[in-house]
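Only one structure is covered here, and it is reproduced in the block below.
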Amino acid sequence: MRVNGKIRAPEVRVIGVDGKQLGVYSLRDAINLARSNTVDLVEIAPTANPPVCRLVDYGKFRYEQSKKEKEAKKHQHANKVKEIQLSPSIDPHDFGVKLGHAIDFLCDEIKVKVTLKFRGREMAHTDVGFQRVQKFVGDISPYGHPDAPAKLLGKSITVMLSPLPRNKRARNPRHQDNGEPRLAPHAIAPAPLAKHANSPPPSQLPNSQPPAFANNPFTELKTGVAES
């Protein structure tokens, strides 16, 4: 995005501070007009002929654009749906793993569809399936809420969960205070081996090594000067 003197077109169509079109100006006159209003000349439609520029404070303009981009991303996430599948006989560990995934999705502003499927004779115990789903919905209540009560459709129980507003939603337990994922704890270094209380000092240890040069054949040689 070009601003002020970085705009290359010799002429530009100018939109005033109040949003009204002011007409076509030479680049120099448009920049002088922006300075007289203590704002910037920002090129907002560079492919138009002539390019369209707006008189606006560039810092505030960037802030507004950033807010619009964030809102657009929220709407994109709102249209996404992730599915979590359960079973009537799911074990506690798998239940917790799937619950964690659902919390991650809701904290990312993504809807979650919870589906519990029955197989064979499990259809005779739909009450157990509803209990599993209700527990899942209850455990995830700090992060999302059901759009409607869980329903039995065919051989499956389904419920759609929507994220709570950010100011009412609990913090993701997998994240730190700054929102970043928690790192794995560092491995603890093994403790040094403890010395035995009755171990003798090194000076009192028996010397199992033979003395130095014990078998040296040169030890019996005389070092004096031979007599003539």
### Where a residue in segment 101-125 is polar (S, T, N, Q) and its partner, wherever it lies, is surrounded by fewer than 17 Cβ atoms within 10 Å (Cβ to Cβ), with Cβ under 8 Å and at least six apart
THR115/GLU83; THR115/GLN85; THR115/SER156
### Task
Could you please find all residues in segment 1-35 being within 13 Å of TYR58 (Cβ to Cβ), surrounded by fewer than 14 Cβ atoms within 10 Å (Cβ to Cβ) and touching a helix residue (DSSP H, G or I) at 6+ places or on another chain (Cβ under 8 Å)?
GLY5
### Task
Looking only at segment 70-78, decide whether some residue is under 19 Å from the mean Cα position of the chain (by Cα), in a strand (DSSP E or B) and at pLDDT below 95.
no
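Does ASP94 meet the test of being of a type in the set (D, E, K, R), in contact with a His (Cβ under 8 Å, 6 or more places away or on another chain) and either loosely packed, with under 14 Cβ neighbours inside 10 Å or at pLDDT 95 or above (or both)?
Values: of a type in the set (D, E, K, R): yes; in contact with a His (Cβ under 8 Å, 6 or more places away or on another chain): no; either loosely packed, with under 14 Cβ neighbours inside 10 Å or at pLDDT 95 or above (or both): yes.
In short, no.
Would it be correct to say that THR126 is of a type in the set (S, T, N, Q) and within 20 Å of PRO163 (Cα to Cα)?
Numbers: of a type in the set (S, T, N, Q): yes; within 20 Å of PRO163 (Cα to Cα): no.
No.
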### Message
Testing THR115 on (1) among the hydroxyl-bearing types (Ser, Thr, Tyr); (2) more than 18 Å from ARG171 (Cα to Cα); (3) under 19 Å from the mean Cα position of the chain (by Cα), one condition comes back false. Which one is that?
### Response
(3)
### Task
Please enumerate the residues belonging to segment 105-135 that are crowded, with 17+ Cβ neighbours inside 10 Å and more than 12 Å from ILE157 (Cα to Cα).
PHE105, LEU106, CYS107, GLU109, ILE110, LYS111, VAL112
### Query
Given the structure, is LYS98 without any contact (Cβ under 8 Å) to a residue 60 or more places away in the chain, under 26 Å from GLU71 (Cβ atoms) and within 19 Å of the chain's Cα centre (by Cα)?
no
### Message
Looking at segment 89-107, can you tell me whether even one residue there is out of contact with any strand residue (DSSP E or B) (no Cβ under 7 Å at 6 or more places or on another chain) and on the phi > 0 side of the Ramachandran plot?
### Response
no
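The values are calculated or read from the model by the stated rules, or taken from the named source; none is laboratory data. Given the structure is predicted, the values throughout are model-derived calculations rather than measurements. Here Cβ is always computed from backbone atoms with ideal geometry, including for glycine, and neighbour counts include all displayed protein chains.
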